[in-house]
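Here the structure comes first, spelled out in structure tokens, and everything after it is commentary.
No lab work stands behind these numbers, since they all come straight from the coordinates. All of these numbers come straight from a predicted model, not from anything done at the bench. Glycine gets a Cβ as well: all are built from the backbone with ideal geometry, and neighbour counts include every protein chain shown.
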Amino acid sequence: MDNEKKDIPELELDEETLFMVSQTFKALSDPTRLRILHLLFQGEHSVNDIADKLSLLQSTVSHQLRFLKNLRLVKFRREGTTLFYTHDDEHVIDLLKQSIEHASHH
């Protein structure tokens, strides 16, 4: 038991940390956001490209990307009038990959 404790870093759970962790899990609890993140982990995509590939409305994609951007889970670059999005957090990629692996070993 003591060895297990040593493997976990001592991190403070202050109010800001608790809020950010809960918001990250909230982001990952939505199937549409999961689909978007999964696509972005594979590479950069425009809003229209995401909407086309996932059969979603552009307004839905934009709304979900705004939520993910506010949590710094995705980032974008502008090329003319087009925004290209990609993931912005390796930790969340790892968490998502582990969750997918866990779910597929049911």
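Before moving on, here are some points about what is shown:
- If only residues of the range 66-105 that are assigned to a strand (DSSP E or B) and among the aliphatic types (A, V, I, L, M) are counted, the one that is surrounded by the fewest Cβ atoms within 10 Å (Cβ to Cβ) is 83.
- The residues of the range 9-44 that are among the basic types (Lys, Arg) and either surrounded by 14 or more Cβ atoms within 10 Å (Cβ to Cβ) or in a loop (DSSP other than H, G, I, E, B) (or both), listed by number, are 33, 35.
- With respect to the conditions (1) of a type in the set (S, T, N, Q); (2) within 20 Å of residue 96 (Cα to Cα); (3) out of contact with any helix residue (DSSP H, G or I) (no Cβ under 9 Å at 6 or more places or on another chain), residue 64 lacks only one, and its number is (3).
- Of the residues making up the range 30-44, not a single one is more than 11 Å from the chain's Cα centre (by Cα), touching a residue at least 24 places away in the same chain (Cβ under 8 Å) and more than 24 Å from residue 101 (Cα to Cα).
- The single condition among (1) in a helix (DSSP H, G or I); (2) under 17 Å from the mean Cα position of the chain (by Cα); (3) free of Cβ contacts under 8 Å to residues at least 60 places away in the same chain that residue 52 does not meet is (2).
- Test result for residue 66, among the charged types (D, E, K, R) and under 14 Å from the mean Cα position of the chain (by Cα): yes
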